[in-house]
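> Before I ask anything, let me first share the structure, which is written out below as structure tokens.
The values are calculated or read from the model by the stated rules, or taken from the named source; none is laboratory data. Quantities reported herein were computed from a predicted structural model and do not represent experimental measurements. With ideal geometry, Cβ positions are generated from the backbone for all residues, glycine too; neighbour counts draw on all protein chains shown. Heads up: the accessible areas ignore ligands, DNA and RNA and are worked out on the full protein's heavy atoms, side chains in. Shrake-Rupley method; radii C 1.70, N 1.55, O 1.52, S 1.80 Å.
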Amino acid sequence: MEELNIQNQRDTMNSSSKLVLYNFSHSSCSWRVRFALKLKGLDYEYKAVNLVKGEQFSREFEQLNPLHYVPVLVDGDVVVSDSLAILLYLEEKYPQRALLPDDHQRKALNLQVASIVCSSIQPLHMVTLAKHIEEKVGPEEGILWALSIIEKGFYALEKLLKDFATRFATGEELYMADMFLAPEIDTVCKKVQH
């Protein structure tokens with residue numbers, strides 16, 4: 001039944017070609033994609049997936065993303081998960097309001113920032129990992145681990161961006177680097193406050 005539901009949604013989307021974003025409001029990864037969709041002026045249907053209630057483990061959602069992570073973007077018969085993959089897909093398919101600059105050096109810089117955030121910072125301070133560390137090592141170790149990863153990552157980003165940052169991370173325009181940094185900075189501020 002749920003398989004049929006997904007297929008019916010895809011069939012409906014193929015005829016209307018409206019983007020559908022499966023996401024969680026508190027997810028920094030989802031925030032990146034919402035940021036990009038807004039910047040590109042793309043309309044989309046917001047499909048909430050409540051991670052606190054475990055909705056990412058439903059059979060329906062597993063058909064979209066077997067990893068059970070948000071966000072997932074559905075564009076007709078194309079299903080893309082992972083915020084970096086989604087932003088690159090949007091950049092290719094919907095060229096209006098570029099997420100990456102034409103300048104090769106600044107483009108590479110934006111991709112480096114995105115990669116550092118989504119590979120070297122964000123996944124290493126996820127709640128599930130911090131809880132695992134606390135269970136294995138001790139009650140305070142999870143937050144200490146997260147803070148050390150965050151400090152190391154932001155130190156690298158600061159060094160990388162120091163000669164480029166002006167109004168925004170890599171210059172005078174909003175680009176992909178800003179879409180990765182803004183939600184991460186917000187998440188980090190919340191962790192530090194706790």
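> Kindly indicate whether any position in segment 86-96 is on the phi > 0 side of the Ramachandran plot and open to solvent by 10 Å² or more (accessible area, probe 1.4 Å).
Looking for residues that are on the phi > 0 side of the Ramachandran plot and open to solvent by 10 Å² or more (accessible area, probe 1.4 Å), one finds none in segment 86-96, hence no.
> Filter segment 53-69 down to the residues that are closer than 22 Å to A114 by Cβ and either open to solvent by 20 Å² or more (accessible area, probe 1.4 Å) or in contact with a Lys or Arg (Cβ under 7 Å, 6 or more places away or on another chain) (or both) and list them by number.
Going residue by residue through segment 53-69, those that are closer than 22 Å to A114 by Cβ are 65, 67, 69.
Within segment 53-69, L67, Y69 meet the criteria.
> In addition: Would you be able to say whether some residue in segment 109-131 is among the charged types (D, E, K, R) and at pLDDT below 95? Working first, answer last.
Initial filter on segment 109-131 (among the charged types (D, E, K, R)): 131.
Then drop every residue that is not at pLDDT below 95, which leaves 131.
Yes: one or more hits.
> Related question: In segment 1-49, how many residues are open to solvent by 40 Å² or more (accessible area, probe 1.4 Å), modelled with pLDDT of 90 or more and closer than 16 Å to N65 by Cα?
The total comes to 2.
> Give the residue that is surrounded by the fewest Cβ atoms within 10 Å (Cβ to Cβ), with candidates limited to residues of segment 143-180 that are out of contact with any His (no Cβ under 8 Å at 6 or more places or on another chain) and of a type in the set (G, A, S).
S148
> Please note which strands (runs of 3 or more DSSP E) are completely contained in segment 10-88 and include at least 2 residues that are not hydrophobic (A, V, I, L, M, F, W, C).
So the answer is 19-23, 44-48.
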